[in-house]
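Notes follow once the structure below has been shown.
The values are calculated or read from the model by the stated rules, or taken from the named source; none is laboratory data. Only a predicted model underlies this, so the values are computations on that prediction, with no experimental measurement involved. Cβ placement follows ideal geometry from the backbone for every residue including glycine, while neighbour counts extend to all protein chains displayed.
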Amino acid sequence: MVKRLKNYIGGKWVDSTATEYVAVENPATCEILAETPESPRADVDSAVKAAKEAYYEWRRTPVLSRSQYMTRFKNLLEDRFEDLARIVVEENGKTKDEARGEVRRGIESVDYAISVPTVMRGYKVEDISSGIDETAERQPMGVFAAITPFNFPFMVPMWFLPTAITCGNTYIIKPSPQTPLSMELTYELLDELDLPEGVVNLVFGGKEASIAVMEHPDIIGVSFVGSTPVAKIVYETCAKHGKRVQAQGGAKNYIAVMPDANLEASVANIMGSAYGCAGQRCLAGSVVVAVGDVYEPLRDELVRRASGLRVGYGLEETSQMGTVISGAAKQRIEGMITQGVAEGAQPVLDGRGAKVDGFPEGTFVGPTILDGVTSDMTVAKDEIFGPVLAIMHVPDFDSAVEVINQSRYGNAASLFTSSGKHAREFKYRVNAGNIGINVGVAAATASFPFGGQKESFFGDLHGQGPDAIEFFTDRKILIERWL
Ligand code: NAD
């Protein structure tokens with residue numbers, strides 16, 4: 001019997017009222033790991049009701065006590081670190097080391113939440129007028145929710161829930177139906193904390209549950225992470241329903257390499273950026289812009305290194321790159337490679353039709369490099385979200401900046417150089433929210449906001465860091481005169 005996932009509502013595991021269940025498949029072995037409910041609006045309503053009822057007492061729980069729950073949560077996560085990493089591999093297909101990195105990053109967000117008592121502060125000015133004092137008090141706001149993607153099934157929810165509840169809000173997560181299992185274990189650990197019932201809730205599901213979250217009048221704010229088309233829908237729908245919203249969307253990240261860059265270090269970084277998590281990272285390098293003379297040696301070295309990558313099942317420690325998420329994703333990625341070739345790109349390394357011994361049905365795509373890519377090609381413009389690197393050749397630094405700024409996305413961009421002047425110009429002029437200088441994956445750590453510009457982000461306050469404190473609290477103004 002395949003396990004059917006239950007929602008976690010009001011401190012209990014409860015059957016969904018769904019009539020449809022979706023298979024959760026290990027993308028390498030094709031084993032059915034579980035069935036996840038397509039929870040309907042009624043399940044979201046129950047979760048919101050529980051979260052709303054819990055809010056009154058929870059915001060009165062001293063902030064230091066709320067933070068201590070997070071210290072215990074962190075310890076439980078550390079105890080189950082390897083189990084979490086294994087589940088991420090099984091449901092997502094990435095390698096064990098990548099999954100470990102994801103779990104570590106997620107725990108760092110719990111660490112940040114532990115610091116909420118020192119960062120959730122208001123401010124006060126005495127004698128704003130004669131004998132009158134003015135205070136901005138920071139207060140929690142109510143029920144918040146997150147709608148999260150498949151590619152970091154543990155880490156992305158951790159960007160939000162720990163900080164939100166430590167600020168005094170109550171919470172609902174609606175994870176990706178493709179990767180619900182790491183959240184199931186995470187909520188088993190949250191359950192061990194004996195939080196007041198309803199502080200944290202989990203509703204499995206897809207579009208219907210997302211829409212119910214976006215439209216629910218008692219949810220005050222929504223954090224979304226996923227593709228740009230859905231991010232736009234979430235941003236518009238939440239705004240229409242009067243909610244706070246932060247919607248982190250898709251990406252097309254460019255990496256420029258100057259002739260004065262350290263070639264060996266640049267290539268090592270670009271490899272990690274383009275092929276880590278099989279390219280399914282919103283910070284994955286997708287287009288290399290080779291400037292001037294570096295083009296040929298850079299391309300040759302990238303092809304040499306990428307050809308040697310060992311593709312395999314993530315649970316085998318020798319694997320350096322795992323699967324993409326599903327058969328549909330494999331088909332879409334291979335279709336985009338084919339389209340790139342049809343538009344004139346040269347497949348100097350072609351990962352279409354990749355096969356791995358022992359995993360005949362696994363959804364593997366081999367590392368791919370398309371050379372001779374120009375800005376008008378689809379592979380230079382659209383998000384591929386797979387292990388495909390496009391190479392463009394431009395004559396100088398200014399042309400590289402121009403090409404990068406043509407993108408409608410603005411999640412991340414990197415420059416490899418030994419020139420401080422070019423590094424500064426790059427940071428100053430490139431329109432992307434996360435800039436790497438000699439760094440291939442410019443990932444904000446938990447105490448910094450996770451940037452994103454143009455079609456990669458809709459909203460103003462980003463996830464993580466001080467922005468998260470702003471997002472999950474309001475400032476109430478108090479003006480006092482005592483006669
Ligand atoms: P997705 O947009 O398909 O799904 C994300 C979430 O939205 C899931 O929970 C899904 O169930 C829900 N959803 C899907 N369609 C919906 C609809 N029509 N209405 C309402 N909800 C809907 O994204 P994905 O495939 O799970 O994740 C990959 C995408 O996420 C990539 O585009 C990647 O760049 C992006 N991403 C962005 C960041 C970031 O920080 N900017 C981080 C990780 C992933």
Can you name every residue in the range 173-204 that is under 18 Å from V88 (Cα atoms) and among the small types (G, A, S)? S176, S182
Quick test of your reading of the structure: T36 fulfils all but one of (1) within 22 Å of D191 (Cβ to Cβ); (2) assigned to a loop (DSSP other than H, G, I, E, B); (3) polar (S, T, N, Q). Name the failing condition by number. (2)
What is the one condition in (1) touching a residue at least 12 places away in the same chain (Cβ under 8 Å); (2) more than 21 Å from the chain's Cα centre (by Cα) that T186 does not satisfy? (2)
Just one of the numbered conditions (1) under 22 Å from L461 (Cβ atoms); (2) surrounded by fewer than 24 Cβ atoms within 10 Å (Cβ to Cβ) is not true of Y69; which one? (1)
I'd like to know if the range 154-176 contains one or more residues that are among the aromatic types (F, W, Y), crowded, with 21+ Cβ neighbours inside 10 Å and more than 25 Å from Y409 (Cβ to Cβ). yes
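Any residue at all in the range 224-247 that's farther than 30 Å from Y8 by Cα, at pLDDT 95 or above and under 16 Å from the mean Cα position of the chain (by Cα)? Reasoning before the result, please.
Applying the first criterion (farther than 30 Å from Y8 by Cα) to the range 224-247 yields none.
Within the range 224-247, not a single residue is farther than 30 Å from Y8 by Cα, at pLDDT 95 or above and under 16 Å from the mean Cα position of the chain (by Cα).
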Output the residues belonging to the range 263-297 that are closer than 25 Å to E98 by Cβ and outside any helix (DSSP H, G or I). Q280, R281, C282, L283, A284, G285, S286, V287, V288
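In this structure, is G340 touching a residue at least 12 places away in the same chain (Cβ under 8 Å) and loosely packed, with under 14 Cβ neighbours inside 10 Å?
Numbers: touching a residue at least 12 places away in the same chain (Cβ under 8 Å): yes; loosely packed, with under 14 Cβ neighbours inside 10 Å: no.
Against the criterion (touching a residue at least 12 places away in the same chain (Cβ under 8 Å) and loosely packed, with under 14 Cβ neighbours inside 10 Å), G340 does not qualify.
Considering each of E455, E425 in turn, give the residue that is modelled with pLDDT of 95 or more, more than 16 Å from the ligand (Cβ to nearest atom) and not β-branched (V, I, T).
On the way: E455 fails: more than 16 Å from the ligand (Cβ to nearest atom).
Just a single option satisfies the conditions, and that option is E425.
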Considering the range 447-483, residues that are in contact with a Gly (Cβ under 7 Å, 6 or more places away or on another chain) and small (G, A, S), and then whichever is surrounded by the fewest Cβ atoms within 10 Å (Cβ to Cβ), we arrive at S447
Of the residues that sit in the range 229-249 and are over 12 Å from E215 (Cβ atoms) and surrounded by 22 or more Cβ atoms within 10 Å (Cβ to Cβ), which one is nearest to the ligand (Cβ to nearest atom)? Q248
Might you check whether a residue that is of a type outside the set (S, T, N, Q), under 30 Å from E38 (Cβ atoms), more than 16 Å from the ligand (Cβ to nearest atom) and modelled with pLDDT of 95 or more occurs anywhere in the range 115-130? no
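Look at the range 49-92 and say how many of its residues are outside any helix (DSSP H, G or I) and either more than 24 Å from N26 (Cα to Cα) or of a type in the set (A, V, I, L, M) (or both).
Residues of the range 49-92 that are outside any helix (DSSP H, G or I), as a first pass: 61-62, 80.
This time we only want the ones that are either more than 24 Å from N26 (Cα to Cα) or of a type in the set (A, V, I, L, M) (or both), so: 61-62.
Matching residues across the range 49-92 total 2.
Being more than 16 Å from the ligand (Cβ to nearest atom) and at positive phi narrows it down to one residue among G292, G308, G279; which is it? It would help to see each step written out before you state the result.
On the way: G308 fails: at positive phi; G279 fails: more than 16 Å from the ligand (Cβ to nearest atom).
Going through G292, G308, G279 in turn, just one is more than 16 Å from the ligand (Cβ to nearest atom) and at positive phi: G292.
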Pick from the range 198-213 the residues that are out of contact with any strand residue (DSSP E or B) (no Cβ under 7 Å at 6 or more places or on another chain) and not small (G, A, S): which of them is farthest from the ligand (Cβ to nearest atom)? E208
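Just to be sure before I move on: is V200 closer than 19 Å to G463 by Cβ and surrounded by 22 or more Cβ atoms within 10 Å (Cβ to Cβ) in the structure I sent? Break it down stepwise before answering.
On the way: closer than 19 Å to G463 by Cβ: yes; surrounded by 22 or more Cβ atoms within 10 Å (Cβ to Cβ): yes.
The answer is yes for V200.
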In the range 16-40, what residues are of a type outside the set (A, V, I, L, M, F, W, C) and buried (at least 16 other Cβ atoms within 10 Å of the Cβ)? S16, Y21, E25, N26, P27, T29, E35, T36, P37, E38, S39, P40
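For R332, state whether it is surrounded by fewer than 17 Cβ atoms within 10 Å (Cβ to Cβ) and either in contact with a helix residue (DSSP H, G or I) (Cβ under 9 Å, 6 or more places away or on another chain) or not small (G, A, S) (or both). Spell out the reasoning first.
Details: surrounded by fewer than 17 Cβ atoms within 10 Å (Cβ to Cβ): yes; either in contact with a helix residue (DSSP H, G or I) (Cβ under 9 Å, 6 or more places away or on another chain) or not small (G, A, S) (or both): yes.
In short, yes.
Can you name every residue in the range 80-91 that is closer than 10 Å to L189 by Cα and surrounded by fewer than 16 Cβ atoms within 10 Å (Cβ to Cβ)? Steps first, please.
Residues of the range 80-91 that are closer than 10 Å to L189 by Cα, as a first pass: 80.
Hits for the range 80-91: nothing passes.
Give me the residue from the range 353-407 that is among the polar types (S, T, N, Q) and away from the ligand (no atom under 16 Å from the Cβ) and, out of that set, farthest from P27 (Cα to Cα).
Within the range 353-407, the first condition is being among the polar types (S, T, N, Q), and the residues that meet it are 363, 368, 374-375, 378, 399, 405-407.
Keeping just the survivors that are away from the ligand (no atom under 16 Å from the Cβ) gives 368, 374-375, 399, 405-406.
Values: T368: 19, T374: 33, S375: 33, S399: 40, N405: 35, Q406: 35 Å.
Out of the qualifying residues, it is S399.
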